[in-house]
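Quick notes on the structure that follows.
Where a number appears in this text, it was derived from the coordinates with a stated rule and is not lab data. Remember, predicted model here, so these are calculated numbers, not experimental data. When we count neighbours, we look across all protein chains shown, and the Cβ atoms used for this are built from the backbone with ideal geometry, even at glycine.
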Amino acid sequence: MIKRTGVPTKEQIQGKFHSLEQLTKPKAIIECYQEIPCNPCSTSCPVGAITIGEDINQIPIIDFDRCTGCGMCVYSCPGLAIMVASIKEDKAYFKVPHELLPRPSVGDIWSGVNRNGDIICDAIIERVMLNKNTDYTCVITASIPKTYLYDFVTVRCPL
Amino acid sequence: MRNRDLIIVGGGPAGLSAARVALEAGLSVTIIERANRLGGQLIKQTHKFFGSKEEYAKTRGIDIATILIHDLDEFSDQLEVLNEATVVGMYKDYVLTVYQGHDYFKYKAKAIIIATGASEKVLAFENNDLPGIYGAGAVQTLMNLYGVLPGQTVVMVGSGNIGLIVSYQMIQAGVKVKALLEASSHIGGYLVHASKLVRLGVPILTKTTVKRAIGTNKIQQIETVQLDENWNYIAGTETVIDCDALCISVGLTPLHQLLSMADIEMIYINELGGLIPKKNEHYETSMPRVYACGDVTGIEEASSAMVEGKIAGLMASRDLGRSHPNFETLEQEFKDQLQNLRQGPCGEKIRSGLTRAGEQL
Amino acid sequence: MRIGGHPILSFEKKKELHFTFNGRDLIGYEGDTIAAALHDNGIMHYSSSILHKRPRGFYCAIGNCGSCNMTVDGILNVKTCMTPLQDGMIVESEADEVTIHEE
């Protein structure tokens, strides 16, 4: 299915979220569904939470216990396929990569978008990080209603 | 006649990598490059690359080009670079004829590395010659080198990595990508690239192709049509999409002409993009001390082009009597790197193509 | 038409260059190729095919196809996609009985 549409199934997505209990702290959600020769997520992780191994085609495995949610993998992934998620009360917080203009400012209300490109909710921009290390990949922290945890994938500038 | 030790034709990732290794081995190297600067297609790649650290993973292509070029700085005494110089002929007596500006030169080399890369394939459909219909590379050149928009509403044909990446680059430049058409039933390139487009609202239409382009003196619309299992048009599924540019990304084919001209043994391998030179495990062709590396030996990725270039540089310098001090270690290291890049499911096509060409994997 | 802002690349304002295309005065910038400058001016139709007079212009942008060949400063068959624009250049279509349709 994903090979036809570019969109993973709900089961595939939920599989990447592992246990919800651990999401009280931010954790990396690595949406890598295909074996491709690539390993910068693993080599960039400062705490060794991501494993790929000798064969760099293998799908990355994340150790949620080790992951601190720092977000280095978010801007290291060449496929922009990683986000960091956490849940607090009735909101879900995400760190997502963004390589487009315009860039948001803290406090802006942008649209939350799902993997099909549909707008599903409002997203409050909590933080915007762009520096020499991120190499033009902006890491946006946004908060959305918790119900959209598995649907949300990125933010979009309102028209 | 200008005599040289090693001439490398093509200053892209394969050629630059070959140069570095050969220079380290102590050879004098001449790079002949058609464009006005080194870097090949890397200079247009604004995205972060895949692969592993050795292939500069997570570094943007434009920055990889800068790294590869600066890696040659310490060897400036041994290195000669000719830019805006086209090799127009290669002959059996190791002579290369070169056209630069209004001048014409003859070079004779002891060894030659052909790293000429590839060119884009075309697609046959009615009115496919209308202005506004471009190859994906042309669109990248316009946008990323010159800051000029290819159009404002574009349709992309082809879901291989280039089609997916260039579609994203168009969105980054402010172009609206109305749809991406893919003739087969599934996406050809990396799914992560496809996902980035879908979440930006770009529909990926599989089993769909362009039937004809519509416009008087430039493209104004295209007519799409769906395909059945036998790649035939399904009547009645035609749809018209307004656009002011159409981008065709249906694959690359090796720029083999110099090799063919010198009567080097060639073989046609579909999986590798077309006509490639037969080569041994030292990247040497049927003409002794003429090597080939990068996309000219089979369409792959820049990451493998860099590794193949290094192997070619290693072999050329050894065969000219200047073995690299770490020859054995590096030879094994480079071969392992290539195997690692190719061993996954994405490498199946390459492995299949190379096997058909009679090469050891 | 030029790209406004870009999330990765920066396009600095470069020196203005003046050139003509079939007698028409146009502006390009230092660093442009002739073809890129023409495209920026909305001109994609450079000449016509010999027999059927079909429009020809920018295509491969890398010197492979020959579609962009024009006469530049009197020199025939110049690959305008590979040739840097210079101030005062005279660029002309190469075909007889051609009607160029422009914006």
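Can you find even one residue in the range A:86-94 that is of a type in the set (Val, Ile, Thr) and farther than 25 Å from A:Pro8 by Cα? If you could, list the steps in order and put the result at the bottom.
In the first step, residues of the range A:86-94 are kept if they are of a type in the set (Val, Ile, Thr); the result is A:87.
Restricting the remaining residues to those that are farther than 25 Å from A:Pro8 by Cα gives none.
No, that holds for no residue.
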Filter the range B:158-189 down to the residues that are closer than 29 Å to B:Asn232 by Cβ and hydroxyl-bearing (Ser, Thr, Tyr), then identify the one that is surrounded by the fewest Cβ atoms within 10 Å (Cβ to Cβ).
-> B:Ser185
How many residues, within the range B:50-72, are more than 7 Å from chain A (Cβ to nearest Cβ) and touching a helix residue (DSSP H, G or I) at 6+ places or on another chain (Cβ under 8 Å)?
-> 12
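So which of B:Arg342, B:Arg289 ends up being in contact (Cβ under 8 Å) with a residue 24 or more places away in the chain and either within 14 Å of chain A (Cβ to nearest Cβ) or among the hydrophobic types (A, V, I, L, M, F, W, C) (or both)? Spell out how you get there, then give the answer.
On the way: B:Arg289 fails: either within 14 Å of chain A (Cβ to nearest Cβ) or among the hydrophobic types (A, V, I, L, M, F, W, C) (or both).
Answer to the check: B:Arg342.
Looking at B:Gly174, B:Gly163 in this structure, which one is closer than 23 Å to C:Met1 by Cα and either touching a Cys at 6+ places or on another chain (Cβ under 8 Å) or assigned to a strand (DSSP E or B) (or both)? Walk me through how you get there before you give the answer.
Values: B:Gly174 fails: either touching a Cys at 6+ places or on another chain (Cβ under 8 Å) or assigned to a strand (DSSP E or B) (or both).
Step by step, each of B:Gly174, B:Gly163 is checked, and only B:Gly163 is closer than 23 Å to C:Met1 by Cα and either touching a Cys at 6+ places or on another chain (Cβ under 8 Å) or assigned to a strand (DSSP E or B) (or both).
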Could you tell me which residue of the range A:45-92 is surrounded by the fewest Cβ atoms within 10 Å (Cβ to Cβ), considering only residues that are assigned to a loop (DSSP other than H, G, I, E, B) and within 13 Å of the chain's Cα centre (by Cα)?
-> A:Cys70
Flagged in the range B:294-319 as aliphatic (A, V, I, L, M) and within 16 Å of B:Ile67 (Cβ to Cβ), in numbering order, are B:Ala302, B:Ala305, B:Met306, B:Val307
The range C:73-92, residues that are touching a residue at least 12 places away in the same chain (Cβ under 8 Å) and either away from every other protein chain (no Cβ under 13 Å) or more than 11 Å from the chain's Cα centre (by Cα) (or both) = C:Asp73, C:Gly74, C:Leu76, C:Asn77, C:Gln86, C:Asp87, C:Gly88, C:Met89, C:Ile90, C:Val91, C:Glu92
B:Ile133 passes all but one of the listed conditions (1) more than 7 Å from chain C (Cβ to nearest Cβ); (2) under 17 Å from the mean Cα position of the chain (by Cα); (3) surrounded by 24 or more Cβ atoms within 10 Å (Cβ to Cβ); the exception is number (2)
Residues in the range C:28-38: is at least one of a type in the set (Gly, Ala, Ser), assigned to a loop (DSSP other than H, G, I, E, B), at the interface with chain B (Cβ under 9 Å from one of its Cβ atoms) and under 22 Å from B:Asn217 (Cα atoms)?
-> no
In the range C:44-64, what residues are part of a loop (DSSP other than H, G, I, E, B) and surrounded by fewer than 23 Cβ atoms within 10 Å (Cβ to Cβ)?
-> C:Ser49, C:Ile50, C:Leu51, C:His52, C:Lys53, C:Arg54, C:Cys60, C:Ile62, C:Gly63, C:Asn64
Over the range A:113-134, the set of residues touching a residue at least 40 places away in the same chain (Cβ under 8 Å), crowded, with 16+ Cβ neighbours inside 10 Å and assigned to a loop (DSSP other than H, G, I, E, B) is A:Arg115, A:Thr134
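I need a count of the residues in the range C:75-93 that are of a type in the set (S, T, N, Q), closer than 15 Å to C:Tyr29 by Cα and in a strand (DSSP E or B).
Applying the first criterion (of a type in the set (S, T, N, Q)) to the range C:75-93 yields C:77, C:80, C:83, C:86, C:93.
Remaining after also requiring closer than 15 Å to C:Tyr29 by Cα: C:80, C:83, C:86.
Pick out the ones that are also in a strand (DSSP E or B) and you get none.
Summing the residues that are of a type in the set (S, T, N, Q), closer than 15 Å to C:Tyr29 by Cα and in a strand (DSSP E or B) in the range C:75-93 gives 0.
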Which residue pairs have Cβ atoms closer than 8 Å, lie 6 or more positions apart in sequence or on different chains, and pair a first residue in the range C:1-25 that is under 17 Å from C:Ala36 (Cβ atoms) with a second residue that is of a type in the set (S, T, N, Q)?
-> C:Met1/B:Gln152; C:His6/B:Gln172; C:Leu9/B:Thr46; C:Leu9/B:Asn144; C:Leu17/C:Gln86; C:Phe19/C:Gln86; C:Phe21/C:Asn41
Scan the range A:2-44 residue by residue and report those that are farther than 27 Å from B:Asn340 by Cα, in a loop (DSSP other than H, G, I, E, B) and not β-branched (Val, Ile, Thr).
-> A:His18, A:Ser19, A:Leu20, A:Lys25, A:Pro26
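Give the residue that is nearest to B:Gly321 (Cα to Cα), with candidates limited to residues of the range B:73-112 that are of a type in the set (Phe, Trp, Tyr) and touching a helix residue (DSSP H, G or I) at 6+ places or on another chain (Cβ under 9 Å).
Let us first name the residues in the range B:73-112 that are of a type in the set (Phe, Trp, Tyr), namely B:75, B:91, B:94, B:99, B:104-105, B:107.
Those still in the list that are touching a helix residue (DSSP H, G or I) at 6+ places or on another chain (Cβ under 9 Å) too: B:75, B:91.
Details: B:Phe75: 19, B:Tyr91: 23 Å.
Out of the qualifying residues, it is B:Phe75.
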For the range B:172-196, what are the residues that are more than 7 Å from every other protein chain (Cβ to nearest Cβ) and aliphatic (A, V, I, L, M)?
-> B:Val175, B:Val177, B:Ala179, B:Leu180, B:Leu181, B:Ala183
In the range A:80-103, is there at least one residue being over 22 Å from B:Ser195 (Cα atoms), among the aliphatic types (A, V, I, L, M) and more than 9 Å from chain B (Cβ to nearest Cβ)?
-> yes
Could you list, in sequence order, the residues of the range A:124-159 that are acidic (Asp, Glu) and away from chain C (no Cβ under 13 Å)?
-> A:Glu126, A:Asp151
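Confirm whether C:Asn22 is farther than 27 Å from B:Tyr99 by Cα and more than 13 Å from every other protein chain (Cβ to nearest Cβ).
Details: farther than 27 Å from B:Tyr99 by Cα: yes; more than 13 Å from every other protein chain (Cβ to nearest Cβ): yes.
Yes, satisfied.
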